[in-house]
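Encoded as structure tokens, the structure appears first; notes follow it.
No lab work stands behind these numbers, since they all come straight from the coordinates. The shown structure was predicted, so the numbers you read here are calculated from the model rather than taken from an experiment. All Cβ positions, glycine included, derive from the backbone under ideal geometry; neighbour counts span all protein chains shown.
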Amino acid sequence: MWQLLRPAALLLLVSADTRAADFSKAVVLLDPQWDRVLRNDSVTLTCQGAYPVEDNSTKWWHNGTLTSKQTSSYFIADAQVEDSGKYKCQTGLSAPSDPVKLEVHVGWLLLQPTQRVVNAGEPIQLKCHSWKKTPVVKVQYFQNGRGKKFFHWNSDFRIPKAKLEDSGSYFCRGIIGTKNESSESVQITVVQDLETLQTVSSFFPPWHQITFCLVMGLLFAVDTGLYFSVQRDLRNSKEWRDGKVTWSKDP
Ligand SMILES: *[C@@H]1O[C@H](CO)[C@@H](O)[C@H](O)[C@H]1NC(C)=O
Ligand SMILES: *[C@@H]1O[C@H](CO)[C@@H](O)[C@H](O)[C@H]1NC(C)=O
Ligand SMILES: *[C@@H]1O[C@H](CO)[C@@H](O)[C@H](O)[C@H]1NC(C)=O
Ligand SMILES: *[C@@H]1O[C@H](CO)[C@@H](O)[C@H](O)[C@H]1NC(C)=O
């Protein structure tokens, strides 16, 4: 019974845990979606969480320090390097969110990937963002120093289905006015879907079932073994007694 109860209790714990994570932890969303922006860009962070009826205020932390902002949206109109760092939020009926990292860079061009870690088969999309959206021409995207794509007018570079070999260090460059400008490089990692599967299955490992079967099998084996050995012992002792009886009769 204990062997049956334990996996059930574990499953209950796991589901209670995911339910708590789903409903009571606040989430910080970025609009636009980029977690790396250029100086003077505008960014809106929005806190998603449950509010009690009487209190619509939101708590915002920047680099671990509680800020004076209390609205559900944290608007940064003119991003500066000091706006970089980790943002967390919390509403009256939520636990503090996981931190969201924002990077504010100084430069003419910035490579903005939709994701830095991509599952194989999913798209990779890179934007060559320019300071204050200044027009850029002859835009070229590079992977590990090799030119991958050229656009006469600035466009996003899209790989519809990422392969493992699309991992690497990417940057873009182009002409702004008369100047030839380059972005810093960003590491993009393509992972096999398997990793996601492994992560998911590690939350629900078949270990409980395996252990359960092993323990039951072992108990059965021990039980059967005991049964036969007791039976043999009984038979032996009977034979021995009979033998003894026979032997004691002899003289
Ligand atoms: C951009 O930010 C700089 C400070 O980093 C500031 O001096 C400048 O006025 C801003 N430019 C615009 C157009 O907002
Ligand atoms: C809360 O709601 C009131 C009334 O709708 C509004 O005036 C106030 O600005 C809100 N406060 C926040 C922090 O959103
Ligand atoms: C927050 O941390 C980031 C990086 O650690 C730093 O660049 C930024 O200046 C910090 N800002 C404040 C206001 O503490
Ligand atoms: C920009 O500079 C690189 C070398 O730094 C050069 O190879 C490339 O041709 C230049 N691009 C244009 C469009 O002039």
Of Y141, W131, I176, which is farthest towards the positive pole of segment 96-190's charge dipole, taken about the Cα centre with +1 and -1 on the beta-carbons of Lys, Arg and Asp, Glu respectively?
I176
Phi to ³J(HN,Hα) by Karplus 6.51 cos²θ - 1.76 cosθ + 1.60 over segment 74-79, Hz, x for Gly, Pro
10, 9, 10, 6, 9, 4
Highest-first arrangement of 95-101, 172-178, where packing means the average Cβ count within 10 Å
172-178, 95-101
With +1 on the Cβ of every Lys and Arg and -1 on the Cβ of every Asp and Glu, and nothing else charged, how large is the dipole of segment 86-197 about its Cα centre, in debye rounded to the nearest 20?
480
Under 25 Å between alpha carbons, and skipping anything fewer than 8 positions from K101 in its own chain: which lysines qualify?
K25, K59, K69, K86, K88, K127, K132, K133
Cβ charges +1 (Lys, Arg) and -1 (Asp, Glu), total dipole of segment 22-106, debye:
180
